[in-house]
Amino acid sequence: MLLCSILGGILLLLVLLLFLPTEVDLDYKLENKLQSLRIRLRILTISISFKVPINEGKKQGKKNEKKQNKKAGRQVTPKSFIAFCKELHRIYIETEDEWMSLICEIRKHLSCKDVSLSIWYGTTNPARTGILNGAVWTAGSLLLKLVDAALLASKKSLYVYPEFNRTCMCIHSKGTFRFKMINAFRNIWRVMKLVRLFKSKITIEF
């Protein structure tokens with residue numbers, strides 16, 4: 001009898017959690033092909049943080065090992081970042097109708113409190129770094145525009161930091177989202193469909 005009461009209480013709690021508002025903080029960082037993603041969930045007074053492995057500990061077959069090592073050796077550069085943002089914007093324009101039909105459904109159940117994008121970049125030539133500043137700002141604005149078009153962020157921020165003394169390319173993005181777990185499960189397939197749509201049309205590698 002006691003065991004049944006405990007199991008019933010746990011089941012009731014899980015059901016309640018599905019319908020309670022959940023707040024999620026995403027913290028993503030990309031630096032020279034190395035990516036990291038940290039997620040924090042907040043439900044009532046409960047807070048859970050964990051790191052999502054993106055390119056850590058992947059087991060590969062011998063056939064793909066050389067290909068993966070070659071890709072890992074290529075670093076993200078300001079030029080590749082600018083080209084990639086332009087490519088995303090091109091795909092967005094081409095698939096706007098299909099994109100918006102998916103996004104409208106997602107927006108009904110998800111709100112974005114804030115999103116920020118910080119970019120550090122530098123080249124071996126300080127003069128070239130200065131010339132690229134405008135292009136990096138434009139590329140970052142395009143990327144933030146796509147995020148805002150999808151999520152209608154209440155607050156959005158873009159920061160660009162040129163590094164004149166070293167070669168680097170680092171992207172750091174943070175966002176806070178609010179939704180109910182039950183609706184999140186319903187929209188997973190829509191998000192996956194949206195990602196597949198973009199991936200199928202990207203013609204350049206970032």
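Full extension of the chain between THR95 and PHE164 gives 21.0 nm of extra length, using 0.36 nm per residue less the Cα-Cα distance. The count of lysine pairs in region 115-206 whose Cα atoms are under 17 Å apart, excluding pairs fewer than 8 places apart on the same chain, comes to 6. Model label sites at GLU23 and VAL52, defined 7 Å from Cα along the beta-carbon direction, differ in position by 2.0 nm.
For region 134-203, the set of trypsin sites (Lys or Arg not before Pro) satisfying both a DSSP loop assignment and a count of at most 11 other C-beta atoms within 10 Å is given as ARG166. Computed from the C-beta positions of LYS201 and SER111 and an R0 of 22 Å, the FRET efficiency is 0.20 to the nearest 0.05. With a cut-off of 12 Å between beta carbons, the residues surrounding LEU20 carry a summed charge of +2, where Lys and Arg count +1 and Asp and Glu -1. Relative to the 2.2 N^0.38 Å rule of thumb, region 118-206 has a C-alpha radius of gyration ratio of 1.38.
Computed over protein heavy atoms with a 1.4 Å probe, the accessible surface of region 66-206 works out to 58 Å² per residue. Summarising the label geometry, the points placed 7 Å from Cα in the beta-carbon direction at ALA149 and THR124 lie 3.7 nm from one another. Which FRET efficiency value, to the nearest 0.05, is calculated for GLN35 and ILE6 with the Förster distance at 35 angstrom and r the Cβ-Cβ distance? E between GLN35 and ILE6, to the nearest 0.05, is 0.30. Residues of region 182-203 falling in the label zone of LYS79, defined by backbone nitrogen less than 19 Å from a point 7 Å along Cα to beta-carbon, are 203.
Based on DSSP, what percent of beta bridges with both residues in region 117-171 are antiparallel, to the nearest 5? Close to 45 percent. Ordering TYR121, TYR92, TYR28, TYR161 by accessible surface, largest first, gives TYR161, TYR28, TYR92, TYR121; the 1.4 Å probe counts only protein heavy atoms, with every chain in place.
The values are calculated or read from the model by the stated rules, or taken from the named source; none is laboratory data. Predicted model only: the values in this text are computed from it and were never measured. Don't worry about glycine lacking a Cβ; one is built from the backbone with ideal geometry, like all the others, and counts go over all protein chains shown. Remember, those area values only see protein heavy atoms, side chains included, never the ligands or the DNA or RNA. Shrake-Rupley method; radii C 1.70, N 1.55, O 1.52, S 1.80 Å.
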